[in-house]
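> Quick one: the structure is below, and I'll ask about it shortly.
The values are calculated or read from the model by the stated rules, or taken from the named source; none is laboratory data. Predicted model, so just to flag it, every value in this text is computed and none were measured. Cβ placement follows ideal geometry from the backbone for every residue including glycine, while neighbour counts extend to all protein chains displayed. Each accessible area value is taken on the protein alone, full model and side chains, heavy atoms only, with ligands, DNA and RNA left out. Shrake-Rupley method; radii C 1.70, N 1.55, O 1.52, S 1.80 Å.
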Amino acid sequence: MSSPTGPDNGLPVRMPRPRQPGRHRRPEPAVAPEGAPALVLAVPGTPSAATRGLAEEVVSIARSELPGLDARIGYLDGEDAEYPTLAGVLAHTAEQRTARHQQALAAGQDVPAPQGPVAVVVPLLAGPDNALMRQVRQAVMDSRVPAELTDVLGPHPLLAEALHVRLSEAGLARADRARLFTVATAADGIILATIGGEEAVQAAGITGMLLAARLAVPVMAAALDQDGAISATADQLRGSGSAHLALAPHLIGPEVPEGVLDAAAKDAGCAYAEALGAYPAIGKLALSQYMAALGITPPQAQGAPQSR
């Protein structure tokens, strides 16, 4: 026989945990609003299987952070069904939205015509690049559909975290932040490599300051697409006392031509880390740009204590 509160055999009963009140209450998970625009990731560079895998991982991270998110991939230099162009993806997304509305009307539902952007386009770029951003804008215009274009992903503290991880994976930085142990090959000066000219260098420099605070070593940004900039920055770091340099790409990967990083590292006479790739922060930042464009509160901000 059981009591109203559980069995009478003396075994403990797992009861529902009450919700914590106030500032310690766990936030409710965010869910994509019904009928929200698609997130379309604009991927630069020459399409390849590696690029597609990276982009798919980024949108997978975004979907995991916001259940119900319609996330798609469009390539700036796409050509076919395997690597669809950004303009083509936007046009197809608009056609699907129109078809859904017509189906609802045919089913007798009294639904208003869809309003607002069909999609929010998020460039897969860590920093500003005027040439690539012009290409993104042109693709949006070519699609002839209403779409919102966000800014690039950086600068942001999460990028500094990702750079730290990539350096530590290459054995070029300690993995901890408290110097509890040392790495024999750790660099005492970091060149933060970017693409996009002076504007990109300035943006990377902001992330570089955050990375310098994490590693307690000097960090200087330089552009891969400016002749001699990487080697000149290496000379400057060595002149200020850094003996063991490392090159850290302030780049996600697809935007930099193959072989450029290797050549730059040889010119600077130093080792280099891998590009940021599909580090989890990249997917979260892409989602953050999407949610900001739509005025949706990010999951990590929900339930946060209010400042006084």
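> State whether one or more residues within the range 115-137 are modelled with pLDDT of 95 or more, outside any loop (DSSP other than H, G, I, E, B) and charged (D, E, K, R).
For the range 115-137, residues modelled with pLDDT of 95 or more, outside any loop (DSSP other than H, G, I, E, B) and charged (D, E, K, R): present.
> So which residues in the range 218-240 are free of Cβ contacts under 8 Å to residues at least 40 places away in the same chain, within 19 Å of residue 173 (Cα to Cα) and hydrophobic (A, V, I, L, M, F, W, C)?
219, 220, 221
> Which members of the range 217-229 meet the condition of being open to solvent by 70 Å² or more (accessible area, probe 1.4 Å) and farther than 17 Å from residue 199 by Cβ?
Across the range 217-229, the qualifying residue is only 227.
> Only one of (1) out of contact with any Asp or Glu (no Cβ under 7 Å at 6 or more places or on another chain); (2) open to solvent by 10 Å² or more (accessible area, probe 1.4 Å); (3) assigned to a helix (DSSP H, G or I) is not met by residue 187, so which one is it?
Going through (1) out of contact with any Asp or Glu (no Cβ under 7 Å at 6 or more places or on another chain); (2) open to solvent by 10 Å² or more (accessible area, probe 1.4 Å); (3) assigned to a helix (DSSP H, G or I) one by one, residue 187 breaks only (3).
> Filter the range 108-132 down to the residues that are aliphatic (A, V, I, L, M) and either within 16 Å of the chain's Cα centre (by Cα) or over 25 Å from residue 69 (Cβ atoms) (or both) and list them by number. Steps first, please.
The initial filter retains those residues of the range 108-132 that are aliphatic (A, V, I, L, M), namely 111, 113, 118-122, 124-126, 131-132.
Of everything in the range 108-132, those that are aliphatic (A, V, I, L, M) and either within 16 Å of the chain's Cα centre (by Cα) or over 25 Å from residue 69 (Cβ atoms) (or both) turn out to be 120, 121, 122, 124, 125, 126, 131.
> Still on this model: List the number of the failed condition for residue 246; all other conditions in (1) outside any strand (DSSP E or B); (2) open to solvent by less than 20 Å² (accessible area, probe 1.4 Å) hold.
Of everything listed in (1) outside any strand (DSSP E or B); (2) open to solvent by less than 20 Å² (accessible area, probe 1.4 Å), residue 246 misses just condition (1).
> If we keep just the residues of the range 58-68 that are in contact with a strand residue (DSSP E or B) (Cβ under 9 Å, 6 or more places away or on another chain) and assigned to a helix (DSSP H, G or I), which is surrounded by the fewest Cβ atoms within 10 Å (Cβ to Cβ)? Lay out the reasoning, then the answer.
Pass one, the range 58-68, residues in contact with a strand residue (DSSP E or B) (Cβ under 9 Å, 6 or more places away or on another chain): 58-60, 62-63, 66.
Next, from what is left, pick out any that are assigned to a helix (DSSP H, G or I): 58-60, 62-63.
Details: 58: 27, 59: 23, 60: 13, 62: 24, 63: 17.
By that ranking, first place goes to 60.
> So in the range 132-151, with the set limited to residues that are open to solvent by 60 Å² or more (accessible area, probe 1.4 Å) and in contact (Cβ under 8 Å) with a residue 24 or more places away in the chain, which one is nearest to residue 248 (Cα to Cα)?
Filtering the range 132-151 down to residues open to solvent by 60 Å² or more (accessible area, probe 1.4 Å) leaves 134-135, 137-138, 141-142, 144, 146, 148, 151.
Subset that is in contact (Cβ under 8 Å) with a residue 24 or more places away in the chain: 135, 142, 144, 146, 148, 151.
On the way: 135: 26, 142: 35, 144: 38, 146: 37, 148: 31, 151: 22 Å.
That would be 151.
> Identify, from the list 204, 221, 232, the residue that is part of a helix (DSSP H, G or I), touching a Ser or Thr at 6+ places or on another chain (Cβ under 9 Å), modelled with pLDDT of 95 or more and not acidic (Asp, Glu). It would help to see each step written out before you state the result.
Values: 221 fails: part of a helix (DSSP H, G or I); 232 fails: touching a Ser or Thr at 6+ places or on another chain (Cβ under 9 Å).
So the residue among 204, 221, 232 that is part of a helix (DSSP H, G or I), touching a Ser or Thr at 6+ places or on another chain (Cβ under 9 Å), modelled with pLDDT of 95 or more and not acidic (Asp, Glu) is 204.
> Across the range 80-114, what is the total count of residues that are closer than 18 Å to residue 143 by Cβ, in a loop (DSSP other than H, G, I, E, B) and either open to solvent by 70 Å² or more (accessible area, probe 1.4 Å) or free of Cβ contacts under 8 Å to residues at least 12 places away in the same chain (or both)?
Qualifying residue count for the region: 3.
> Given the residues 71, 55, which is the only one that is surrounded by 14 or more Cβ atoms within 10 Å (Cβ to Cβ), within 14 Å of the chain's Cα centre (by Cα), touching a residue at least 12 places away in the same chain (Cβ under 8 Å) and closer than 17 Å to residue 149 by Cα? Spell out the reasoning first.
Values: 55 fails: closer than 17 Å to residue 149 by Cα.
71 is the lone residue from the list that is surrounded by 14 or more Cβ atoms within 10 Å (Cβ to Cβ), within 14 Å of the chain's Cα centre (by Cα), touching a residue at least 12 places away in the same chain (Cβ under 8 Å) and closer than 17 Å to residue 149 by Cα.
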